[in-house]
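Quick notes on the structure that follows.
The values are calculated or read from the model by the stated rules, or taken from the named source; none is laboratory data. Predicted, not measured: the structure shown is a model, and the values here were computed from it. With ideal geometry, Cβ positions are generated from the backbone for all residues, glycine too; neighbour counts draw on all protein chains shown. For accessibility, only protein heavy atoms count, side chains too; no ligands or nucleic acids. Shrake-Rupley method; radii C 1.70, N 1.55, O 1.52, S 1.80 Å.
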Amino acid sequence: MAGRKLLIENVHIPGIETFDVYRKNGGYASVEKALKKMTPDEVVEEVKKSGLRGRGGAGFPTGMKWSFLAKPEGVPRYLVCNADESEPGTFKDRYLMEKIPHLLIEGMITSSYALGANVSYIYIRGEFMYILHILEKAIAEARANGMLGKNILGSGYDLDLVVAPGGGAYICGEETALLESLEGKRGNPRMKPPFPAVKGLWGCPTVVNNVETIAAVVPIVNNGGEEYAKIGIERSTGTKLISASGNLVRPGVYEIEMGVSVEEFIYGDDYCRGIANGKRLKACIPGGSSVPILPAHLVTKTAAGENRLMTYESLADGGFASGSMLGSGGFIVFDEDQCIVRNTYTFARFYAHESCGQCSPCREGTGWMEKVLHRLENGHGTMEDITLLEEINKKIEGNTICPLGDAAAWPVAAAIRHFREEFEWHVTHPAEAQTRNYGLIQPRVEEIKAL
Amino acid sequence: MHNMKIESPSTQDSTPVVFSAEMMTEINAVIAMFPEGKSKSALIRILHIVQTNYGWTSVAAMNTVAEILNIQPIEVYEVASFYTMFHLNPVGNYVFEVCRTGPCMIVGSDDIIAYIEEKLNVKVGGTTADGMFTLKTAECLGACGYAPVLQCKYKFHEHLTKEKVDEIIEAYRAASLVN
Ligand SMILES: Cc1cc2nc3c(=O)[nH]c(=O)nc-3n(C[C@H](O)[C@H](O)[C@H](O)COP(=O)(O)O)c2cc1C
Ligand code: SF4
Ligand code: FES
């Protein structure tokens with residue numbers, strides 16, 4: 001039995017992307033309930049009770065984040081929805097916005113009311129331009145039906161929603177870079193503090209939340225925070241959208257109840273139905289490219305031999321030595337034929353490409369890691385290169401303005417920790433390392449110098 | 001790092017261009033979305049409008065954008081050069097951005113890129129002799145579950161196979177004959 005669905009239950013209803021069909025299926029009930037029967041603080045209280053944690057990756061409790069929002073007199077406050085979705089392995093927000101856009105709009109209205117925002121923004125990655133149009137259409141429909149604009153449902157509450165695109169930059173998913181980008185600038189993360197809750201968009205108090213987080217506010221308000229908290233285990237409450245990719249029979253977006261076992265998720269009929277082409281599982285990155293990779297024996301079981309569950313706590317069980325993280329729920333599965341070194345190289349290249357360049361440990365370190373991994377992957381590397389990677393890692397970790405540096409370092413460290421012999425094989429078998437891979441086997445200019 | 005090269009204005013004609021009335025209507029609507037004095041927030045979306053109309057983002061067009069937003073040209077260049085979607089040099093009519101990051105790579109994006117290179121007789125970064133196609137690679141496009149993936153003119157083409165690539169190329173060729 002597949003678990004309860006609170007977000008994407010209705011995606012298959014024909015026409016659910018239109019206001020009328022969405023409304024007929026119970027849509028906008030949370031707006032009616034909140035605006036007519038609840039004070040903003042009562043909405044915040046329900047979100048606190050729900051135990052909802054941010055779905056963008058960090059898992060910070062949403063109710064607590066909301067209660068940090070500064071409320072100086074006469075200064076506007078903003079809610080900004082993070083629809084940048086650029087973490088490799090993650091594509092759930094796109095699915096939600098494309099299939100059931102009014103759920104996000106509804107969540108934006110209810111959440112903006114709770115925070116006292118009168119204009120809220122949805123920042124969406126530029127590549128999702130077609131979804132920007134879907135959202136703008138949904139906003140226009142909501143406005144035409146009295147859910148946006150002045151004096152919504154006679155409550156005296158006013159709200160406008162604006163969608164703004166990025167232009168292709170992973171770093172703009174980091175909340176302060178996002179705010180810079182929304183102000184029409186380069187996406188360079190800001191120093192914290194001050195946190196956005198105090199000084200955010202245009203220097204005003206701002207809450208930044210992920211698409212899924214904001215959508216989850218809808219069932220929380222409708223059913224009450226306590227009901228929501230009944231689903232799940234420990235501090236992992238409610239449901240979670242998981243983006244499943246890689247060598248799976250049925251990759252795609254799944255809504256799971258927190259606490260489903262990883263085994264069930266990979267092999268179960270309601271979920272991914274196992275590894276594609278009858279192959280065996282080799283490794284899994286359970287929470288997007290920034291979280292540590294797990295070798296097969298640590299995917300479905302923890303180091304202590306317990307069943308690994310799809311929760312924040314269980315996936316992190318064992319720390320970095322033998323665990324990983326739920327992160328954004330970007331669940332990437334590798335079959336036995338995949339080359340971990342090559343995968344690690346593509347991620348290093350990704351982070352080097354996406355570093356904003358503000359701090360030298362990240363700017364230089366990600367570039368070095370890319371180059372060193374390139375030469376290892378293509379059979380030009382040495383054993384010292386493996387040690388060098390570990391050293392670069394330590395120099396980046398914790399020494400940067402934003403977490404992108406750590407996000408780049410951790411996956412490399414984890415890949416070496418669990419698959420060291422595969423890195424060594426690339427050194428001891430240079431000819432095979434070159435032929436078993438595609439393209440790019442020419443050394444870079446700097447590798448030729450080093451050879 | 002975002003170190004795309006922008007050709008200096010001396011190699012590109014920098015005289016501001018005149019945008020069409022339709023473009024100006026669209027641009028003014030975007031500016032109107034933001035509060036008084038915050039029109040710079042419209043910049044990225046305006047650059048998308050420019051690129052949709054001209055195919056790329058030239059210095060001349062960026063200078064016009066600077067005039068419209070009443071900001072320095074450098075404020076436009078520094079933004080356009082930071083974001084990877086903006087082409088700062090001329091490109092073909094259709095730009096293929098093929099994702100090559102991990103989740104796409106493990107289901108065969110390298111083969112797809114090699115196939116397109118062979119089929120169009122271009123290398124990554126190059127444009128076909130007839131100016132029809134430019135091949136680029138992209139980092140994760142947010143469609144990993146439908147990999148391999150390429151994007152062209154904001155449209156996603158997913159679950160790519162060689163046959164599918166053939167069809168896509170044929171369809172774009174046919175479309176450009178109609179226009
Ligand atoms: C490099 C980097 C990229 C990020 N990308 C995203 C993203 O694409 N989407 C997202 O919601 N959060 C992303 N985050 C997390 C945000 O900074 C922020 O924590 C999140 O939007 C808060 O929303 P939540 O509390 O609802 O999760 C990213 C963080 C970092 C450091
Ligand atoms: S850690 Fe990297 S991405 Fe983050 S601010 Fe520094 S250079 Fe930019
Ligand atoms: S890795 Fe290609 S779309 Fe995400």
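What the table shows:
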item	result
Residue in segment A:148-166 that is in contact with a Cys (Cβ under 6 Å, 6 or more places away or on another chain) and within 24 Å of residue A:134 (Cα to Cα) present	yes
Those residues of segment B:33-61 which are aromatic (Phe, Trp, Tyr) and either part of a helix (DSSP H, G or I) or over 12 Å from residue A:182 (Cα atoms) (or both), in sequence order	B:54, B:56
Enumeration of residues in segment A:84-125 that are among the aromatic types (Phe, Trp, Tyr), more than 16 Å from ligand 3 (Cβ to nearest atom) and open to solvent by 10 Å² or more (accessible area, probe 1.4 Å)	A:113
Residue, nearest to ligand 1 (Cβ to nearest atom), within segment A:356-372, restricted to residues that are more than 12 Å from every other protein chain (Cβ to nearest Cβ) and surrounded by 22 or more Cβ atoms within 10 Å (Cβ to Cβ)	A:369
Candidate set from segment A:149-180 (those that are under 16 Å from residue A:210 (Cα atoms) and among the hydroxyl-bearing types (Ser, Thr, Tyr)); member that is least open to solvent (accessible area, probe 1.4 Å)	A:176
Residue ID - least open to solvent (accessible area, probe 1.4 Å), chosen from residues in segment A:203-260 that are among the acidic types (Asp, Glu) and in a strand (DSSP E or B)	A:255
Matching entry among A:398, A:381 (being closer than 17 Å to residue A:292 by Cβ and either within 9 Å of ligand 2 (Cβ to nearest atom) or of a type in the set (Gly, Ala, Ser) (or both))	A:398
Index of the failed condition, residue A:66 passing every other in (1) within 16 Å of ligand 3 (Cβ to nearest atom); (2) within 25 Å of residue A:199 (Cα to Cα)	(1)
Segment B:88-126 - residue that is within 16 Å of residue B:166 (Cβ to Cβ) and outside any helix (DSSP H, G or I) and, of those, nearest to ligand 3 (Cβ to nearest atom)	B:98
Count of segment A:241-281 residues which are of a type in the set (Asp, Glu) and either farther than 26 Å from residue A:100 by Cβ or in contact (Cβ under 8 Å) with a residue 24 or more places away in the chain (or both)	4
Pairs where the first residue, in segment B:27-38, is open to solvent by 60 Å² or more (accessible area, probe 1.4 Å) and the second is aromatic (Phe, Trp, Tyr), C-beta under 7 Å, 6+ apart	B:38/A:202
Count of residues meeting criterion [within 7 Å of chain B (Cβ to nearest Cβ) and buried (at least 24 other Cβ atoms within 10 Å of the Cβ)] in segment A:343-355	6
One residue from A:127, A:85, A:98, A:73 being more than 16 Å from ligand 2 (Cβ to nearest atom) and either away from chain B (no Cβ under 14 Å) or aliphatic (A, V, I, L, M) (or both)	A:73
Segment A:150-203, subset among the hydroxyl-bearing types (Ser, Thr, Tyr) and within 14 Å of chain B (Cβ to nearest Cβ), residue nearest to residue A:119 (Cα to Cα)	A:181
Within segment A:310-351, tally of residues that are away from ligand 3 (no atom under 16 Å from the Cβ) and farther than 20 Å from residue A:244 by Cα	7
Any hit, segment A:219-228, residues being in contact (Cβ under 8 Å) with a residue 12 or more places away in the chain and under 20 Å from the mean Cα position of the chain (by Cα)	no
Looking only at segment B:135-178, and only at residues there that are among the charged types (D, E, K, R), closer than 14 Å to residue B:97 by Cα and away from ligand 2 (no atom under 16 Å from the Cβ), the one that is most open to solvent (accessible area, probe 1.4 Å)	B:153
Breaking point among (1) touching a residue at least 12 places away in the same chain (Cβ under 8 Å); (2) in contact with a strand residue (DSSP E or B) (Cβ under 8 Å, 6 or more places away or on another chain), for residue A:321	(2)
Unmet requirement for residue A:438, which otherwise passes all of (1) open to solvent by 10 Å² or more (accessible area, probe 1.4 Å); (2) at pLDDT below 95; (3) within 16 Å of ligand 1 (Cβ to nearest atom)	(3)
Qualifying position, being of a type in the set (D, E, K, R), touching a strand residue (DSSP E or B) at 6+ places or on another chain (Cβ under 8 Å) and within 14 Å of another protein chain (Cβ to nearest Cβ), among B:117, B:75	B:117
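Conditions (1) farther than 29 Å from residue A:403 by Cα; (2) outside the structural domain of residue A:287 (by TED's automatic domain parsing); (3) not hydroxyl-bearing (Ser, Thr, Tyr), marked per residue:
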| position | (1), (2), (3) |
| --- | --- |
| A:91 | no, yes, yes |
| A:95 | no, yes, no |
| A:121 | no, yes, no |
| A:128 | no, yes, yes |
| A:147 | yes, yes, yes |
| A:151 | yes, yes, yes |
| A:156 | yes, yes, yes |
| A:171 | no, yes, yes |
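Quick grid of which residues meet (1) surrounded by 17 or more Cβ atoms within 10 Å (Cβ to Cβ); (2) in contact with a strand residue (DSSP E or B) (Cβ under 7 Å, 6 or more places away or on another chain); (3) not assigned by TED's automatic domain parsing to the domain that holds residue A:312:
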| site | (1), (2), (3) |
| --- | --- |
| A:24 | no, no, yes |
| A:57 | yes, no, yes |
| A:65 | yes, yes, yes |
| A:73 | no, no, yes |
| A:82 | yes, yes, yes |
